[in-house]
Each structure stands twice: as C-alpha cells, then as structure tokens.
Amino acid sequence: MLRRVSAAPRLYVEDQLCGEAEAAELADALRDEVLEPTAYGAWADLPPRPAFAAVEARVLAALGAPPGSLVVRRLRRYAVGEGHPPHEDRYVEGDLTLYATALLTLHAAEAGGETRFPDAEPQPVHVRSVAGRLTLWLGFTADGDVDPTSRHDAAPVAVGEKLTLTFFVYAPLHGAHMEGPAAIRRFAFVDDGVPEATRRLLCEAAIDRGLDWRPVDAGRFDLHPCRRLRPGDLLYRAAVSTRAGLVTQHLWAPGVKSFYMTSPYQLTLNQTWALERAGLPVPLTIPAISTSRASLRAWAERLGGLPLVVKFGGGEGGVGTLRVDSLAALFSLVDHARSQGLNPSLIQYLPNTTHWRVVVVGDRAVASYPNPLPPDDFRSRAPDDPAAYHEPLPEGLAALAVTATRALDVRFGGVDLLHRAEDGQAWILEVNTPCYFAHAQDEGGVDVAGAMLDALLAG
C-alpha cells in the first residue's frame, strides 16, 4: 500500500510493490544487461522489456501518469563503497519535464544503500534498501513549482550489492497527474492564513497515517476542474475566509470525506436560531436591525435588561464582542454599526457562569477546558495553566456539545458553552467550525488532529 512519508517533498513508499520472489526473478532476468561502470555505480538505460512490463504498468498506475508520458527506464548496480552524491532530478525532453521518479529495489544491500532526502520536512528521511520496495517522489509541487526538498542521494553500500530499476516519468507540468499519485488517499487542507500550529498538527497526523498531505493555499488556487478531489479523499477547510469557503466548495465532490454531514454548500444564516429551533438552550439573542430607540429599549428589556452583550460577526478571540451597560452606549453603538452596514446581535448577559470550550469530533467530545476571565474583562481566554485542560467537564455538557454540532449538520467543532454551577444550567454560545484546537492538543495532551483524521477515514 502506497503511503506518504514526508510533508515535503511529495515522497511515497510502497513496501511491496512486488514480493521478494518477483523482485529476485526480475533481477535474475536483467542480470546479463551490459552496464556502464561509473564512480556512482554501473548503469544502463533500457528499452521496454517484457520482463518488467507488468511491474512498470503497476508503477505508472500507482503514480497516475497521463497517457503519452515519456518513461526512461534505468537499471543501476551499486557495489560496496558505491553511492550517488546529492542531486535533484531536473531534466527536460522537448516540452516534457521529468516530474516523478519511481525507484524499485530489486536486490537490497545488506547494509547501507539508503535513498536519503536530507532537506525533507519536517525532518530528513532515509528510505532503507528493501527488495520489492518502491520509493516514489515528485520534484515539483502541484502548482508546478520546483520543490528544492526533493534533493536526494544514495548512501554508499556498506555490505553486499544493491540493484535498482528506476522509472523516470516525463509529462507536461500541469493537469491531474500533478496532484500526486492516484493510488493514495489525499487529505486536502484548505489554508488562508491558518495558525502554524493547526497546520503542523494536522500535517503530522496525516503523514502518520500515510495520507497524501495536500495543503491548498486559497489565495493561489487556480480553480481548475482537475484539482477536484476523488471519492474517498479527505477535505478540511481550516480557514474561515470567504475564498477558503469557495475553494472548499470547488474541491468537494460526492464521496469526499469531510465534516459536513451533507455538503459544503450548506449555509446557516443564523446559527443561534438554528440551535434554538433544534430545542437547544441558547442565550436570548436579537439581531439589531433597527436604530429605533423604542425598538432598542424593548429589545433590551426582552433580553433581561442591562447590561447586555453586543456581538459583531467575523471576529476571533473575543474581538467584536462588547458589553453594554447603558442605553446611551447601546444607542450610539447601534447607530454606528448600522451606518457601516453592520447588523450586530444583542445577547442576554449571563453572569456567574463559566465559559467552557468543548471540542467535538464525530459523535464524541474529545477535549474540553474552562476559559478563565482575565482581570478587568468580561471576555474569557484560553487558560495558561496546563492543569486546566484536565479539569472534569460538568455533567451533561459533552452530550449538549455533540447535539449542537449535529444540529448544524457538522461533525467537528469547538463548542462554546456557559455553565452555571449553582443550578447546573448551561447555554450554547456558538459552534466554531473550523476551530482552533491546538490548545487542547499541545497543552492538554489530547490528540485532536488524530481524532479528526480517524473520524474522516471512518466515514
């Protein structure tokens, strides 16, 4: 089974493209080939041969090479002490470019002979010499940019002999074949200024599971139909921008695994009303759609009186959430908002409560923590104390958070709730999807990223 082994370059390994017996049979069939001796081992370029036609077909199918690709087949034998210095596979034949290299080991060295990628990310990768193993890498990104992390070498053979058959695949630097091997599930991560921690944790989880890590920069994405995902691929929109949403909709296709219970085309105009209509407890909320003093007074009274909370959409970390303690402040704030074409929400103020963040993946709450109030502020913040991430969640909040995510037709979210300890009452503030989960993982030790990918893989 083909699996990805680095974030960069696009480097893949299949441990048994052919079994040891088939590899030995192929090595024996090619034993009489005349090879040219060099300081970097003896080699020869071969024409198509019936002996390896079936193996070549499997390699090209796994890669997803387009029809009409130019394939150069190279047999190379390394003796003790022989290897190859660091280099990049950058060659052009007419209007075709060498974009992929597929190295099949026919006979493994007893020691040494690794294929090494010193610039690979997040750390160097050394692929051992194993008979029947396919090592495949692309020297370019999906956008056709040269990938400098594809620089590699062959470690000198220490004991024994190493025999490889390499397929150099040339094709135009565009089209579906540049998306990566066809025989592997891709994980498309839609990025548009996402925090580094989110990207790092999900990349590590994807590589650990052998998935084809595919970051998608919404600001550079070309919206070409060939970029769409295949059934079985995984999709996560990590960014909240409008263009990230559009790119997500472009990538999605029936059969793609995502956290949307239907499709990314769904749209919840008012999350609070959707939760309320599902019978879930939410703070009383009224959109401030008028500057009428009579209306504002009546709304404030309906919300339980002053103080109340005014919230503007689009902010993060409490930005855009304000506490209003007088009608004068309310009138002037709504006047300004309406003059700018904004419709903030007026929300019931609920004192003597604790703000909890519950991270829901699929049908379970995988992490939770209380957000304390900093001095002189009514807006809570993620805790600095690692012990806070292990505080027990009050009874009933986990089930409430899961129900809230499902009410919005999603299977992942950071659910913000208020809980009043004296009577156990709770209210759902909002379901953040996507959400920042690195606090729960880096500070709390919960593998949220792994849980996310496992949920997507399970369908």
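Tabulated values for the structure
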| read-out | value |
| --- | --- |
| Alpha carbon centroid spacing (whole Å) that separates the range 1-24 from the range 114-143 | 10 |
| At R0 = 41 Å, FRET efficiency that the Cβ-Cβ distance of ALA328 and ARG243 yields, to 0.05 | 0.55 |
| Helix-only mean residue ellipticity at 222 nm for the chain, each DSSP H run of n ≥ 4 adding -39500 (n - 2.57), per residue, nearest 500 | -6500 deg cm²/dmol |
| Candidates per GluC sites (Glu not before Pro) in the range 386-459, loop by DSSP, up to 13 other Cβ within 10 Å | GLU395, GLU422 |
| Relative contact order for the chain, counting Cα pairs under 8 Å that sit 6 or more residues apart, in percent | 13 |
| Local electrostatic count at GLU430 - Lys and Arg +1, Asp and Glu -1, tallied over other residues with Cβ under 11 Å | +1 |
| Cα-centred dipole magnitude for the chain, charges only on beta-carbon of K, R (+1) and D, E (-1), debye, nearest 20 | 1380 |
| Rounded FRET efficiency, nearest 0.05, which uses the C-beta distance separating ASP222 from ALA111 and R0 of 51 Å | 0.65 |
| Label-point gap, in nm, between ALA337 and ARG31 - each point 7 angstrom along Cα→Cβ | 8.2 |
| Reciprocal mean inverse distance between Cα atoms of the chain - Kirkwood radius, Å | 25.4 |
| Additional length obtainable on full extension of the chain from ALA61 to GLU204, 0.36 nm per residue less Cα span | 48.8 nm |
| In nm, spacing of pseudo-spin labels at MET261 and VAL71 (7 Å Cα→C-beta vector) | 4.7 |
| Sequence-separation-based contact order of the range 3-179, relative, with Cα cut under 8 Å and 6+ spacing, percent | 34 |
| Net lengthening on full extension, VAL159/TYR91 (0.36 nm per residue, minus Cα-Cα) | 21.3 nm |
| R0 of 35 Å, Cβ-Cβ distance THR38-ASP15: FRET efficiency to nearest 0.05 | 0.75 |
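Rule-based calculations on the coordinates, nothing more; no lab input. Since the model is a prediction, treat every value here as computed from it, not as a measurement. Methodologically, a virtual Cβ is constructed for each residue, glycine included, from the backbone with ideal geometry; neighbour enumeration extends over all protein chains shown.
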